[in-house]
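Single-structure report; data block below.
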Amino acid sequence: MAVIAQKCPGIKVTVVDMNEQRIAAWNDPNLDNLPIYEPGLKEVVAEARGRNLFFSTDVEDAIDAAEMVFISVNTPTKTYGIGKGMAADLKYVELCARQIARVAKSDKIVVEKSTLPVRTAQSIRTILNAEGKDLNFQVLSNPEFLAEGTAVQDLHKPDRVLIGGGQDEAGQRALNALADIYAGWVDRDRILTTNVWSSELSKLTANAFLAQRVSSINAISALCEKSGADVDEIARAIGMDSRIGPKFLKSSVGFGGSCFQKDILNLVYIAQSYGLTEVADYWEQVIKMNDYQKRRFAENIVQKLFNTVSGKKIAMLGWAFKKDTNDTRESAAIYVADYLLNEQAELWVYDPKVKAEQIYADLDYLNTRSEDENRRLVKVVNDPYEAMDDAHAVAVLTEWDEFKTYDWQKVFEGMKKPAFVFDGRNVSNGRMLGTIGFHYQGIGK
Ligand SMILES: NC(=O)c1ccc[n+]([C@@H]2O[C@H](COP(=O)([O-])OP(=O)(O)OC[C@H]3O[C@@H](n4cnc5c(N)ncnc54)[C@H](O)[C@@H]3O)[C@@H](O)[C@H]2O)c1
Ligand SMILES: O=c1ccn([C@@H]2O[C@H](COP(=O)(O)OP(=O)(O)O[C@H]3O[C@H](CO)[C@@H](O)[C@H](O)[C@H]3O)[C@@H](O)[C@H]2O)c(=O)[nH]1
């Protein structure tokens with residue numbers, strides 16, 4: 001929404017959220033206090049905020065005033081009832097639709113920006129029309145493809161913008177109104193229009209394909225570790241085949257983030273509910289492989305440290321699910337930490353952007369042990385050297401650029417011997433670390 005406001009100064013954009021604290025942070029005069037860390041975002045907000053970009057908790061007022069409403073609320077995996085642990089929880093989306101239906105006094109175009117199961121637009125349409133008002137509501141699907149860490153760049157130069165709309169005249173008019181907004185800065189030939197169901201299902205499919213690539217290369221990484229092949233060399237070799245392409249082939253400790261797992265589970269659930277068991281099983285393997293990769297990484301640490309990490313200090317570099325974000329949702333680091341804590345390790349965590357309270361909240365949420373115990377066993381520090389000093393091992397969980405620049409000779413001198421580095425992102429120069437004296441283990445090496 002901030003980028004739409006930046007690129008279309010003639011459009012008034014009001015971002016509303018019922019979370020007062022978040023809105024207050026978006027309105028904070030100090031741009032370093034924005035609730036999301038994302039390269040380039042504060043510059044965008046600085047340009048548009050107060051001009052045509054506003055943040056408010058007055059949801060009803062904003063709905064009333066708007067011609068177009070983007071539903072962008074969270075759609076987490078259900079934690080209760082039918083579809084628990086798989087289906088998307090649509091209660092927040094439904095609440096929005098009901099609120100729009102209740103408040104609206106004029107025609108509205110309602111845009112699904114949240115990631116939603118195929119055919120959700122049907123339910124939204126039914127709810128909007130159920131108030132029996134003499135108003136025209138058009139429902140469009142406009143999924144978001146930005147990746148965190150590169151969000152502003154992705155929005156400024158999207159590969160494509162996808163808009164699904166009704167095939168009748170009113171539907172096409174609404175679709176064109178939204179396409180015209182994007183055309184303010186995106187080439188028309190990158191603005192793709194489809195029917196609503198294709199658009200909704202394309203979003204889940206895109207994430208499933210992307211995550212599948214990561215699981216595929218991670219599966220090969222396990223084979224590399226047994227056979228003497230090198231997964232980065234393989235990624236390079238296969239990526240030069242133009243049919244495969246070089247992107248998204250970075251083997252890692254496992255994918256994280258709020259989207260991949262949630263959206264694939266949702267896809268699996270949808271396939272199951274249509275009775276497509278083989279389709280569901282096929283996509284579920286992507287998640288299973290990812291769980292295996294996280295577990296494999298943690299197990300390897302224990303095994304290499306002579307089968308016990310009890311009472312041993314282990315430094316964890318990185319907690320975010322990828323670099324250049326402070327988002328930790330579903331981060332592999334959380335699960336690796338939990339595994340090591342079950343083995344009674346003492347963890348010292350350093351992440352350049354994640355705050356200590358977030359790290360403790362992530363661990364507490366798992367409910368594996370008491371909050372006191374999490375605080376006793378896990379130290380969060382602001383200095384990476386402090387995390388690594390006197391440690392038995394260093395585990396790299398996020399690919400932050402700064403990890404490449406550390407004085408590894410100094411780190412080695414400060415650590416217990418033998419000194420181990422487990423690089424879950426293949427960011428370090430393994431040969432150089434080996435020369436210093438480290439026992440180095442990358443992924444798929
Ligand atoms: N985060 C991403 O990179 C990304 C990318 C593409 C798509 N998506 C999709 O976008 C959606 C939102 O994701 P997110 O990461 O921003 O989630 P989020 O949980 O960070 O934010 C959702 C916000 O919606 C607010 N909210 C919930 N119900 C509300 C209501 N009835 N009225 C007003 N505000 C309400 C919450 O307070 C919260 O601040 C999800 O469907 C997600 O799959 C996210
Ligand atoms: O080669 C790779 C690429 C990614 N990852 C990991 O995969 C996860 C997801 O990364 P990425 O896709 O870059 O970030 P997200 O912000 O989760 O973005 C994904 O999820 C969004 C939400 O749906 C979509 O909009 C984006 O298109 C889609 O890329 C992270 O843990 C990465 O470290 C790898 O391990 N290897």
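The values are calculated or read from the model by the stated rules, or taken from the named source; none is laboratory data. Model, not experiment: these values are computed from the prediction. Neighbour counts run over all protein chains shown; Cβ positions are idealised from the backbone, glycine included. What goes into the accessible areas is simple: the full protein's heavy atoms, side chains included, and nothing from ligands, DNA or RNA. Shrake-Rupley method; radii C 1.70, N 1.55, O 1.52, S 1.80 Å.
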Subset of segment 367-426 that is polar (S, T, N, Q) and touching a helix residue (DSSP H, G or I) at 6+ places or on another chain (Cβ under 8 Å) - its residue that is farthest from ligand 1 (Cβ to nearest atom):
Gln409
The one condition in (1) surrounded by 19 or more Cβ atoms within 10 Å (Cβ to Cβ); (2) outside any loop (DSSP other than H, G, I, E, B); (3) among the acidic types (Asp, Glu) that Asp180 fails to fulfil
(1)
I'd like the full set of residues that are open to solvent by 50 Å² or more (accessible area, probe 1.4 Å) and touching a residue at least 40 places away in the same chain (Cβ under 8 Å), limited to segment 330-342.
Glu330, Tyr335, Tyr339
List pairs: first residue in segment 186-206 and more than 14 Å from Leu267 (Cα to Cα) and away from ligand 2 (no atom under 16 Å from the Cβ), second residue assigned to a helix (DSSP H, G or I) and not hydroxyl-bearing (Ser, Thr, Tyr) anywhere in the structure, Cβ distance under 8 angstrom, at least six positions apart or on different chains.
Arg188/Ala179; Ile191/Ala179; Thr193/Leu175; Thr193/Ala179; Val196/Ala121
Residue match in segment 277-287 (condition: assigned to a helix (DSSP H, G or I) and within 17 Å of the chain's Cα centre (by Cα)):
yes
Hand me the list of strands (runs of 3 or more DSSP E) wholly inside segment 336-443 holding 2 or more residues that are closer than 22 Å to Asn307 by Cα and among the hydrophobic types (A, V, I, L, M, F, W, C).
346-350, 393-396, 420-423
Looking at segment 343-365, is at least one residue touching a His at 6+ places or on another chain (Cβ under 6 Å) and open to solvent by 20 Å² or more (accessible area, probe 1.4 Å)?
no
Is it the case that segment 54-65 has a residue that's more than 13 Å from ligand 1 (Cβ to nearest atom), in a loop (DSSP other than H, G, I, E, B) and modelled with pLDDT of 95 or more?
no
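Asn374: of a type outside the set (Val, Ile, Thr), farther than 24 Å from Ser221 by Cα and either crowded, with 20+ Cβ neighbours inside 10 Å or not assigned by the TED database to the domain that holds Ala419 (or both), yes or no?
On the way: of a type outside the set (Val, Ile, Thr): yes; farther than 24 Å from Ser221 by Cα: yes; either crowded, with 20+ Cβ neighbours inside 10 Å or not assigned by the TED database to the domain that holds Ala419 (or both): yes.
For Asn374, the condition - of a type outside the set (Val, Ile, Thr), farther than 24 Å from Ser221 by Cα and either crowded, with 20+ Cβ neighbours inside 10 Å or not assigned by the TED database to the domain that holds Ala419 (or both) - is met.
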Members of segment 371-388 that are closer than 24 Å to Phe321 by Cα and not aliphatic (A, V, I, L, M)
Glu371, Glu373, Asn374, Arg375, Arg376, Lys379, Asn382, Asp383, Pro384, Tyr385, Glu386
Cβ pairs under 6 Å, 6+ apart or interchain, first in segment 106-118 and away from ligand 1 (no atom under 15 Å from the Cβ), second part of a strand (DSSP E or B), ordered by first then second residue, are Lys108/Val69; Lys108/Phe137; Ile109/Met68; Ile109/Gln138
Every pair of residues 6+ apart whose Cβ atoms lie under 6 Å, when the first sits in segment 348-363 and is touching a residue at least 12 places away in the same chain (Cβ under 8 Å) while the second is open to solvent by 20 Å² or more (accessible area, probe 1.4 Å) and outside any loop (DSSP other than H, G, I, E, B):
Trp348/Lys379; Val349/Val380; Ala356/Val380; Ile359/Val380
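Quick check on segment 260-283: of everything there that is among the charged types (D, E, K, R) and surrounded by 15 or more Cβ atoms within 10 Å (Cβ to Cβ), which residue is nearest to Thr77 (Cα to Cα)?
In the first step, residues of segment 260-283 are kept if they are among the charged types (D, E, K, R); the result is 262-263, 278, 281.
After this cut, where a residue has to be surrounded by 15 or more Cβ atoms within 10 Å (Cβ to Cβ) as well, the list is 262-263.
Details: Lys262: 6, Asp263: 8 Å.
Among residues in segment 260-283 that are among the charged types (D, E, K, R) and surrounded by 15 or more Cβ atoms within 10 Å (Cβ to Cβ), the one nearest to Thr77 (Cα to Cα) is Lys262.
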Give me a count of the residues in segment 28-53 that are part of a loop (DSSP other than H, G, I, E, B) and among the β-branched types (Val, Ile, Thr).
1
So for segment 94-110 (the condition being away from ligand 2 (no atom under 16 Å from the Cβ), assigned to a strand (DSSP E or B), surrounded by 15 or more Cβ atoms within 10 Å (Cβ to Cβ) and of a type outside the set (A, V, I, L, M)), does at least one residue qualify?
yes
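Give segment 240-265 a look and list any residue that's over 17 Å from Met289 (Cα atoms) and within 16 Å of ligand 1 (Cβ to nearest atom), or say none. Break it down into steps so the answer makes sense when it comes.
We begin by selecting, within segment 240-265, every residue over 17 Å from Met289 (Cα atoms); these are 240-247, 258.
Result: Ser258, single match.
Only one of these is closer than 21 Å to Asp61 by Cα and either surrounded by fewer than 19 Cβ atoms within 10 Å (Cβ to Cβ) or within 15 Å of ligand 1 (Cβ to nearest atom) (or both): Asp89, Asp134, Asp154. Name it.
Details: Asp89 fails: closer than 21 Å to Asp61 by Cα; Asp154 fails: closer than 21 Å to Asp61 by Cα.
Unique residue meeting the criteria: Asp134.
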Among the residues of segment 297-329, the number that are within 16 Å of ligand 1 (Cβ to nearest atom) and either open to solvent by less than 10 Å² (accessible area, probe 1.4 Å) or over 30 Å from the mean Cα position of the chain (by Cα) (or both) is 3
